[in-house]
Structure formats: C-alpha cells, structure tokens
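Trainee: My questions all concern the structure below.
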Amino acid sequence: MDDAALEKALLLAVSQGDVQSEAFAETSGVDHKKVIGLMKSLEASALVRSTAVDRSALALTPEAETYLVEGSPEAQAFAAVPAEGCSLAAFKAKVSKAVGEVGFKQAMQSKWLGMVKGAEPGVERKVAAVAEDTCQLQLQLVAAGRASEMAAKDLDALVKKRKLVKQDTWKTYVVARGASFALERKKQPADLTREMLQDKSWRDATFKAYNLVPGAGAMPSGGHVHALLKVRQQFRETFLQLGFAEMPTNNFVESGFWNFDTLIQPQMHPARDAHDTFFMKTPAAATRAPEDYVARVKTMHEVGGHGSIGHQYAWKRAEADKNILRTHTTAVSARCLHKLAQDGFRPAKYFSIDRVFRNEAVDRTHLAEFHQVEGVICDRNLTLGDLIGVLHQFFARLGMTQLRFKPAFNPYTEPSMEIFAYHPMLKKWVEVGNSGMFRPEMMLPMGMPEDVNVIAWGLSLERPTMIMYGIDNIRDLFGSKMQLGSVKNNPFCRLGLIEQAETVQATQ
Ligand code: FB9
C-alpha cells in the first residue's frame, strides 16, 4: 500500500473511532514504524492526535530461537555423548561452545551427564534418555506467549541467569481525531506565492503551521568554551572582585634566573635539574637580564646579606641564563615584584592564571603541564595572619569556608603553609594549595623596602575543575586524549555553588 493510500486508510479508520497503531499496521500489512511516521506527520497538521502506550513482552533471544528447534544446550550435550561415553576432548570437539560449556554444565546439574576422572577425562551418560527437555519446553511456552504458565523463578532463571529470554519494550499509539481532523489531508501551502497573491487564493488557504518543536532545527554548531577556561574565568572574576590586578603571563619560556634564582632557589636544588624541568634546546640561553639586579641576586646566593648567610656556594651565570619552560607562575610574580620595587614601591595585589610545565610522571591527576593560579599581596608589615585572613576570603568565594593550614617548606617562602579545605560536596578535607611569605633574601635584592612583606599562595586550575565537573582522570579533562564532545556539552559550572556541582555530577 503506498503512502497516500495508507494515509487515506488511517484517516478513514480514525473517523470510525480511535485506532491502535500496531493493530492498524497489522491489518494494513505495513511496518509499525511506517504507521508511526505517518501518524506523526498527520499529528503535525493536527489531523490526528496520538497517545503513546508503553508495551512490553517477553521474547526469546536469537540464541534461544535456535534451541526451540535443536533442543536446549543440555539436551544437545546429552545427545552428543554416545551411550558408551566418550572422552571430554572428543565431546567438546563435537559440540558448539554454548553446548560444550553451558549445556554440559546444565546436563551435569540435571544429572544427565557425568565426568569420568582419569588421565584422559571422559564424559558418561547418567541416564538412558532425557525424560523431558524442560528448558526447551519453557522456551516454547514463552514463544507462544504463555510464559505466565511458568513458575516465576524458572522464568527468572531464563531471563537473568541463562539470558535466553529478554523483556522487549516498545511504544504503540492510540490515534484519535485531531483538532482539524479530515478524511483527507488538504495539501497546506507552506509559503505565500506570487500566484496566490494574484489569484487571491491566499484568502481561504490554511497555511502549513511552522513546526517549531524543539529539535526541529539542527543545533547551530559554534565554538564551545573548555571547562578549564570557564573555571579560569571564575577565578579571574574572584580576584578582580578582590581588587587584584592580573600579571602578564604570556611567556611560557623563562630563564632559570627569573624562574629560580630570583626566588633564591639554589642552583643545585633538585627541582632545577632535567628530572623536574624542561630545558630549551633553542634558544638555549637568555640574552637579557637586569645586570645590577643579577649581581645582587648572585651575592645573596653566594654570601647572603641583610642578616642572611645566603646559600654559600659559587653561583654560575650560565646556569641562570638557561632557558626553560617555566615550572610555576611565581616566576612572573618575581618579574612584577622586581618591577614594582624598581618603579618605587606602593601596596599592590597581583594574580596570575596560566600554564606551567613540570617534567613529572603523568598519572590520573598530573600531566606534564597544568594551569597555576597564584595570588600575591605586598604591603608594609604584612603578617602570616594577613595571609590566613586573605586565604579565608579567597576560598570562601569558592564555596570552601573551613580551612586548615599545615606548615610546609618552599625554597622561596618562609613561613610556608599547605592549605586544606573541607569540601562540602566531597564531604572530606582536600589539599587546595600552598602559600607563604616570600623570603627577605628574595625581596631585598629586588630593592623592596625593608618593612615590605609579600604574602602569596598558589593552586591549580585542573583540580577544582575536575572536582566541579566530576572528572576522575585528568586525561579526560585536558590533552590529546580528551573527548571533544565533552567540551561541546560541559555545563556552565559556578564555583562556590557546591550543590550545583552535585547536580552536574549526577547528570554526568
Ligand atoms: O589545586 C590544588 N588543589 C585544589 C584546589 C582547589 C580545589 O577546589 C575545589 C573545587 C572547589 C580543589 C583542589 N592543589 C595544588 C593541591 C593538590 O591538588 C596538589 O596535589 C597538586 N598541586 C599542584 C602542584 O603539583 C605538583 C596543586 C598544584 C599547585 C601546588 C602549589 C602551588 C600551585 C599549584 C603553589 C604555590 C605557591 C606557594 C607559595 C607562594 C606562591 C605560590
């Protein structure tokens, strides 16, 4: 039956009362899906309206279909064993995998077959014949739609344990007259044409309704912001709202001098060797550095000053000139603080969020690069208390109001503290960063006044993003192995709205 005829037949049937879509397909000898397609298009023009009805029925799996004819695997196993028995190997060789494994096991359970131990294990019949192939009978019952006659536990075993019966679910529809029902669909003009204007036929035409249902239009493809950048934007807004200025971080390549020496990190410090740091082959060495400042840093490393003994070793310019991929954005802080001191000190609050590189082993939470978030405040007579206060301010805006501080060591801050926060959603204490007060050995060579202290802290962008988006493995968040799809549909995530994270997690 062609589409037009089928449409006519369905409208005629509906005119005589509600129609079961499946029964109509049956009687019209067409596929149910075709009827559903037609029904939906008639529904779009309101000729009919449909009500979905969920249906489900037990059905045999394709494997079970074969047992209907050939008998159950256990019956086949029995049949494959000659009356005098045979070797297990011969038996297995003769039958299919399913019969050889499931069938054999089942036949043993039914005490139809038994194993013969020995050098060469054998199989023997335990009964002369199979009285009744229960499994096959049960499958026939299901196939005949008489599963209700079986014991529930037997049916359950066929569905769950032997996976020979499955629950098919599908939708059928009750099709009824729509608001503008008619026995024939009048071709509704979709557009107003010049001819219609000329012959005034537009006056009594009913135009096809615009089908504005969601999903009709193809989702316009466009750029999507990576989750990391969404969280970065929120960190930026948090800092800007707290009156911080962003430091320029547009130089991944840094000299050892700014990345390490200005932070009074001695040149033999393990973090400075190739196991932790990526050294540039070209350009291998930096060409410019503020010579007067370099001299003061050299002195501080070698003999100290301002009450410090320094690191008491021979400082090498060549080591300082080595170009590397910066290991932290604290290198940028050093540049900005040096500039602040040189330009004439005034209280300042800086922040940076950008990539840093560490030659570390890659694992679930670490890649060779991550985004460091850093905050720096410098003012006269700042104390550790000020740092703790600021950290409370900062993390409270990320939804973490309970903080704990653990004394730590960084080569360039003294005292230093690891920061831990109680994460309401994870319901546990999480290490959320590190912090400290930059050493005078770092500040004084820059030309900072004696009474100026600089407090700073750092964390990553990846950890909060992984927690917010419920991402367990950092490779799924960033890098060549991540799914682009996840960028397309990552929800907007508001830091600080922990409960929102819960919903995001739940939806993922
Ligand atoms: O980000 C980290 N944890 C974190 C941060 C936020 C967060 O938010 C929740 C969702 C709301 C959850 C977790 N960490 C720092 C802690 C750990 O993950 C740590 O194992 C890994 N750290 C990185 C370094 O790994 C080698 C995170 C990274 C880090 C650590 C220290 C600094 C910066 C980044 C620093 C510093 C510093 C110290 C003093 C002065 C200036 C900078």
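Trainee: Step by step: first the residues of the stretch 401-428, then only those that are in a loop (DSSP other than H, G, I, E, B) and within 9 Å of the ligand (Cβ to nearest atom), then the one that is farthest from residue 270 (Cα to Cα). Which residue is that?
Mentor: Here the residue is 425.
To keep it simple, each residue is scored yes or no on (1) under 40 Å from the mean Cα position of the chain (by Cα); (2) part of a strand (DSSP E or B).
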| position | (1), (2) |
| --- | --- |
| 4 | no, no |
| 23 | no, no |
| 30 | no, no |
| 37 | yes, no |
| 46 | no, no |
| 55 | yes, yes |
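Trainee: Look through 443, 466, 437 and report the one residue that is within 29 Å of residue 368 (Cβ to Cβ), within 15 Å of the ligand (Cβ to nearest atom) and not in a loop (DSSP other than H, G, I, E, B). Outline the logic, then answer.
Mentor: Working: 443 fails: within 29 Å of residue 368 (Cβ to Cβ); 437 fails: within 29 Å of residue 368 (Cβ to Cβ).
Being within 29 Å of residue 368 (Cβ to Cβ), within 15 Å of the ligand (Cβ to nearest atom) and not in a loop (DSSP other than H, G, I, E, B) holds for just one of 443, 466, 437, which is 466.
Trainee: For the stretch 79-152, please list each of the helices (runs of 4 or more DSSP H) lying entirely inside it that holds at least 2 residues being more than 53 Å from the chain's Cα centre (by Cα). Let's see the steps before the verdict.
Mentor: Values: elements: 88-94, 104-109, 134-143.
Fully inside the stretch 79-152 and qualifying: nothing.
Trainee: Let me ask you something else. Among the residues of the stretch 220-246, count how many are part of a loop (DSSP other than H, G, I, E, B), within 20 Å of the chain's Cα centre (by Cα) and of a type in the set (A, V, I, L, M, F, W, C).
Mentor: Within the stretch 220-246, residues that are part of a loop (DSSP other than H, G, I, E, B), within 20 Å of the chain's Cα centre (by Cα) and of a type in the set (A, V, I, L, M, F, W, C) number 1.
One line per residue, one yes/no per condition, for (1) modelled with pLDDT of 95 or more; (2) acidic (Asp, Glu); (3) under 23 Å from residue 324 (Cβ atoms); (4) in contact with a Gly (Cβ under 8 Å, 6 or more places away or on another chain):
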residue: 235; (1), (2), (3), (4): yes, no, no, no
residue: 240; (1), (2), (3), (4): yes, no, no, no
residue: 249; (1), (2), (3), (4): yes, no, yes, no
residue: 270; (1), (2), (3), (4): no, no, yes, no
residue: 273; (1), (2), (3), (4): no, yes, yes, no
residue: 277; (1), (2), (3), (4): no, no, yes, no
residue: 280; (1), (2), (3), (4): yes, no, yes, no
residue: 285; (1), (2), (3), (4): yes, no, yes, no
residue: 294; (1), (2), (3), (4): yes, no, yes, no
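Trainee: Among the residues of the stretch 303-316, count how many are surrounded by 15 or more Cβ atoms within 10 Å (Cβ to Cβ) and not hydrophobic (A, V, I, L, M, F, W, C).
Mentor: Of the residues in the stretch 303-316, 4 are surrounded by 15 or more Cβ atoms within 10 Å (Cβ to Cβ) and not hydrophobic (A, V, I, L, M, F, W, C).
Trainee: Just checking: which of the strands (runs of 3 or more DSSP E) contained wholly in the stretch 282-381 hold 1 or more residues that are touching a Lys or Arg at 6+ places or on another chain (Cβ under 6 Å) and within 15 Å of the ligand (Cβ to nearest atom)?
Mentor: 348-357, 369-380
Trainee: Tell me, please, whether a residue that is under 38 Å from the mean Cα position of the chain (by Cα), surrounded by 14 or more Cβ atoms within 10 Å (Cβ to Cβ) and over 30 Å from residue 441 (Cα atoms) can be found in the stretch 247-260.
Mentor: No, that holds for no residue.
Trainee: I've got another one for you. When the residues of the stretch 382-400 are filtered to those that are part of a loop (DSSP other than H, G, I, E, B) and modelled with pLDDT of 95 or more, which remaining residue is nearest to the ligand (Cβ to nearest atom)?
Mentor: 382
The values are calculated or read from the model by the stated rules, or taken from the named source; none is laboratory data. As the structure is a prediction and not an experimental result, all values here were calculated from the model. Heads up, the Cβs are rebuilt from the backbone with ideal geometry, glycines too, and the neighbour counts pull from every protein chain shown.
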